[in-house]
Amino acid sequence: MTNAVDIIIPFHNGLNTVIDCLDAIVKSTRSGSYRLFLIDDNSDQHTHNYIQKWAEDNNQASVFTNARHLGYLKSANSGIGSGAAPYIVLMQSDVVVTQGWLDRMVACAETDNAIALVMPLVSADHWNGLPLPPGVSVVCMDEYVQTRFFGKTVDTVPQKVGCMLIRRSVVEKTGLFDSIYDLEPFGQSDLGMRLITGGFRTVLSCDTYVYQKGQIQSAEQNPRFTRDQAIFNSRWGSVFHREYQQFLKTDPLKPIRDELDCQTRWDPMPVIWQTGRTVLTHVREKKWLDAACQGFLGAMKLACAKRRLPSLAFESHTGKRRRLRVTYILHNLVVAGGVLSVIQIVNELILLGIDAKIVALFQDPAVVDWTRLYAEPIVFKNPQELLDRFPLSDIVVATLWTTASLADQLVRQGKAAQSAYFLQDYEPWFFPECDRVSRRRVRQTYARIPHRIVKSRWLAGMLAKEGHYTHQIRLGMDLGVFYPRDVNRNHPVVLAMARPKTPYRGFIQTIGALATVKMRMPDVEIVLFGDRFLKRQAIPFEFRDEGVVTSQDRMAELYSEATVFLDGSDFQGFGRCGLEAMACGAACVLTGAGGVTEYAVHDHNSLIVPPKHPDLFSEAILILLKDKPLRNRLIDEGLQTAGNFCHKREARETYEFLGRLHE
């Protein structure tokens with residue numbers, strides 16, 4: 001199968017997902033069996049330059065650039081003529097493939113000349129998808145379906161498909177996507193119906209599994225949905241409905257779903273959190289009727305609020321493999337910087353070949369939209385259930401002082417061979433000085449875990465004072481998200497984190513400093529983020545309230561828009577926000593207390609001020625606003641600094657550390 005497949009990937013921005021997609025293809029696909037055609041659908045300059053350089057370093061790849069944004073369907077059509085291989089793969093840039101995926105899909109097509117289109121099983125939650133069971137990674141799921149369903153195919157209609165293999169000879173006759181459609185689901189389904197009514201088969205290859213996060217389009221979210229749906233229904237409404245109902249009736253994926261069937265338990269907390277968040281948003285905007293309606297709808301969902309538990313069949317299967325098993329314990333799986341660090345590491349460990357997973361005692365439903373999860377987390381209702389049903393692991397990793405005792409007990413029970421402690425902050429300082437009991441209880445957890453990982457020299461020094469050796473692995477961030485975005489900087493902007501309810505984040509000093517800046521330079525726009533109810537605080541100047549920012553892309557845009565970024569915290573275990581701001585091209589004013597000094601150097605890549613001195617905060621901000629050469633110099637050095645803190649480097653070092661523990 002020499003160059004038997006042309007892989008076409010249209011993309012528009014989303015650099016971090018494109019990087020994972022391309023890296024997985026190179027790692028998991030036999031060299032010489034394919035050519036890559038990357039269709040840059042008018043991405044920003046940074047994304048274009050990165051992918052162009054990547055293609056130059058990979059002789060199987062070529063980049064084609066659209067002069068304007070055309071969308072996935074039109075971009076895919078334009079890429080068809082770039083190659084001449086007998087098979088074409090059309091792939092969305094959020095897909096992560098698994099080892100040997102392409103050979104299996106081609107083998108599936110070769111079993112019957114009537115097969116025109118082959119799709120893998122995907123993790124996205126729709127009628128052709130097979131969501132990951134709790135505790136299962138995409139890599140382990142692929143190994144499972146290979147073992148259990150090798151060579152099995154299921155006839156179906158394409159819809160919301162992130163990856164499809166197509167026989168070129170067929171689409172050269174029938175055509176690919178009809179340019180009348182704007183959105184992928186209808187363009188894909190229209191193609192499928194043309195193939196099926198033309199006497200061809202469109203099938204699922206049940207022994208191939210890939211990751212696709214997927215997003216559901218709706219008329220409310222995208223007005224083009226209604227238009228495309230009307231066109232599709234006018235052409236295929238009755239025929240598609242018949243095929244769809246037949247699929248549901250026969251339910252050919254039922255044997256697979258039954259084999260992976262999970263027990264469930266009632267878990268109302270995610271619904272309560274999501275409903276509360278939505279209601280509070282409407283209350284904040286004084287939309288009282290909407291708030292009441294959302295509260296009622298949330299209450300109606302409570303009875304059906306179910307949480308899936310790990311599949312016993314899959315647990316039995318995984319016990320037969322010899323892949324290193326590493327499980328991280330999070331107290332709460334919520335939208336927070338420390339949680340993001342854990343998710344990034346687990347995702348990358350999975351791609352590096354480790355059976356890594358996350359267990360937690362609570363999961364905020366917003367996490368699903370916030371980031372990608374290459375393994376479905378296991379969420380237990382209480383510590384005892386966690387101890388009773390914890391998946392057998394070679395290494396268990398505590399991530400907070402509240403999880404250290406659990407990790408210790410799991411080793412004592414034989415559920416894990418070894419334990420490690422991933423420390424991201426000096427946790428005794430989470431409590432006030434007067435609470436000596438709590439501070440002492442936290443310190444005692446450090447001695448319970450034999451192996452400790454920290455991400456800053458400062459934190460290593462703090463633990464060394466208490467007699468604890470640590471292994472330092474510098475923090476990494478996703479540089480495919482945090483980079484200078486194409487935004488207009490037509491007026492000075494000062495961006496600051498403002499978290500009035502969080503101890504040690506210097507809220508009062510931050511507001512005092514910004515009040516001085518606003519008084520001295522009234523044309524400066526102040527932008528605050530970090531709290532849902534900043535408008536209720538006594539803030540003595542006009543500001544733009546960004547609230548709690550859950551989108552990493554939106555956060556990168558805010559950093560990129562900022563002339564100056566201020567983090568006025570009393571201390572930081574590392575200070576992720578400052579490093580993210582540097583990576584996005586903002587000049588930074590930071591407090592030189594804690595792990596910030598791991599990357600921030602005064603008058604080199606930032607201005608460092610002592611904490612709790614709002615007069616010095618404001619003075620530093622005003623200097624940067626007025627001195628453009630200084631500001632540009634710090635920005636350039638900050639960009640260089642941030643380039644050394646990639647999350648993939650952090651994961652590789654973690655992989656090596658865990659491997660040594662397991663030897």
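Shown is the FRET efficiency for ASP178 and PHE362, computed with R0 = 51 Å from the Cβ-Cβ distance and rounded to the nearest 0.05: 0.65.
Taking the three principal axes of the alpha carbon atoms in segment 254-409, the coordinate ranges are 56, 38, 30 Å, sorted in descending order.
Packing, taken as the mean count of other beta carbons within 10 Å per residue, orders the peptides 100-108, 54-62 from highest to lowest as 100-108, 54-62.
Cα gyration tensor of segment 493-642, axes a ≥ b ≥ c as square roots of the eigenvalues: rounded (a/c below 1.5), prolate (a/b > b/c) or oblate? Here segment 493-642 falls in the rounded category. Expressed in Å, the radius of gyration and Dmax of the Cα atoms of segment 1-72 are 12.0, 36.
Would you please give the FRET efficiency between ALA67 and GLU385, computed as 1/(1 + (r/R0)^6) with r the Cβ-Cβ distance and R0 = 56 Å, to the nearest 0.05? Once rounded, the FRET efficiency stands at 0.50. For the chain, the equivalent ellipsoid derived from the Cα gyration tensor has semi-axes of 43, 31, 25 Å, listed largest first. Extending 7 Å from the Cα toward the beta-carbon at both ARG30 and TRP127 defines two label points whose distance is 3.6 nm.
Distance between the pseudo-spin-label points of CYS304 and ASP44 (7 Å out from Cα toward the beta carbon): 3.9 nm. Net length available on complete extension from ARG544 to THR281 is 93.1 nm, with 0.36 nm assigned per residue and the Cα-Cα distance removed.
Computed FRET efficiency, Cβ-Cβ of ARG441 and ASP261, R0 41 Å: what is it to the nearest 0.05?
Details: r = 41 Å, r/R0 = 1.01.
Efficiency, from the Cβ-Cβ distance: 0.50.
Between THR147 and ARG322, the distance separating the two model label sites (each 7 Å from Cα on the Cα→Cβ line) works out to 1.4 nm. Could you give me the percent of Cα pairs per 10 Å distance bin for segment 5-258, shortest bin first, beginning at zero and ending with the bin that holds the maximum distance? With a bin width of 10 Å, the distribution comes to 7, 32, 39, 20, 3. Extension gain, LEU289 to PHE533, is 85.8 nm, computed as 0.36 nm per intervening residue step minus the present C-alpha separation.
The alpha carbon centroids of segment 540-573 and segment 341-385 are separated by 26 Å.
Between segment 114-140 and segment 579-623, how far is it from one alpha carbon centroid to the other, in angstrom? Distance between centres, Cα-based: 46 Å.
For the peptides 537-547, 13-23, what is the packing order when you average, over each peptide's residues, the other Cβ atoms within 10 Å and list the highest mean first?
Details: 537-547: 13.8, 13-23: 20.5.
By packing density, highest mean first, the sequence is 13-23, 537-547.
FYI, it's all coordinate maths here, none of it is from the lab. Small disclaimer: the values here were computed from a predicted structure and weren't measured. In this analysis, Cβ positions are derived from the backbone assuming ideal geometry, glycine residues included, and neighbour counts consider all displayed protein chains.
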